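Notes for the one structure printed next.
No lab work stands behind these numbers, since they all come straight from the coordinates. Remember, it's a predicted structure, so these values are computed and weren't measured experimentally. Virtual Cβ from ideal backbone geometry, glycine too; neighbours counted across all protein chains shown.
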Amino acid sequence: MSFFVNVALGLLFGAGVVISGMADPAKVLNFLDVFGTWDPSLAFVMGGAVFVAFIGYRLVLTRDKPIIGGSFHLPTTSDIDARVIVGPAIFGIGWGLGGFCPGPALTALGLGAPGTLAFVPAMILGMWGARLLAESRAQVRTG
């Protein structure tokens, strides 16, 4: 059952990305071009997403456990370390250069958007490299 719920949620997310135009990297790049062809529509999409997530978290976290699944998986630490600074910085640089972030990139790949054939493999390679780095650092710490 959980698999089908995840597929349905993924399709809903993908539909939202396509309908909002966020699968088009030009839309994202125009949002970042504040002194050129600035397009503020991405700010409205992000604001709507933050509002829905804010309300959703408030409603969902009043429950003892999720409807589907055994328990909530919430962060246990609030430390700000190099990973919290460097990871988002790399994400932002990639987002600004390519005009894609992971979800819209996968959606755009399905739409055959140009650039995704280079971006998605590079994204997967970066995620794999980050995991290898994290695992090697964990092994060094545990000795």
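Go ahead and estimate [θ] at 222 nm for the chain from helices alone: -39,500 (n - 2.57) per DSSP H run with n ≥ 4, summed, over the residue count, rounded to 500. Each step should come with its number before you reach the end.
Working: 6 runs with 100 residues, N = 143.
Value at 222 nm, helices only, nearest 500: -23500 deg cm²/dmol.
In what sequence, highest mean first, do 28-35, 132-139, 88-95 appear when ranked by Cβ atoms within 10 angstrom? Mind showing how you got there, number by number?
On the way: 28-35: 14.8, 132-139: 10.1, 88-95: 13.1.
Averaged packing, sorted descending, gives the order 28-35, 88-95, 132-139.
Mind giving me the nanometre distance, one decimal, between the label points for ALA122 and TRP38, set 7 Å out from Cα along Cα→Cβ?
The two pseudo-label positions are separated by 2.7 nm.
How much length, in nm to one decimal, is gained on full extension between ALA53 and VAL18, taken as 0.36 nm per residue of separation minus their Cα-Cα distance?
Details: separation 35, 0.36 × 35 = 12.60 nm, distance 1.91 nm.
Stretched fully, the ALA53-VAL18 segment lengthens by 10.7 nm.
What list of ³J(HN,Hα) values in whole Hz, one per residue of the stretch 96-103 in order, does the Karplus curve 6.51 cos²θ - 1.76 cosθ + 1.60 (θ = phi - 60°) give from phi, with Gly and Pro shown as x?
Karplus values, whole Hz, x for Gly and Pro: x, 6, x, x, 10, 10, x, x.
Per residue of the stretch 7-17, what does 6.51 cos²θ - 1.76 cosθ + 1.60 with θ = phi - 60° give for ³J(HN,Hα)? Whole Hz please, x for Gly and Pro, Karplus curve as stated.
Karplus values, whole Hz, x for Gly and Pro: 5, 4, 5, x, 5, 4, 4, x, 5, x, 5.
How big is the chain by the Kirkwood estimate over distinct Cα pairs, in Å?
Working: mean 1/r = 0.0558 Å⁻¹.
The Cα-based Kirkwood calculation yields 17.9 Å.
Based on the mean of other Cβ atoms within 10 Å per residue, sort peptides 19-26, 122-129 so the most packed one is first.
19-26, 122-129
Going by average Cβ density within 10 Å per residue, which order do the peptides 105-111, 2-8 take, highest to lowest?
Working: 105-111: 19.0, 2-8: 9.7.
The peptides rank, most packed first, as 105-111, 2-8.
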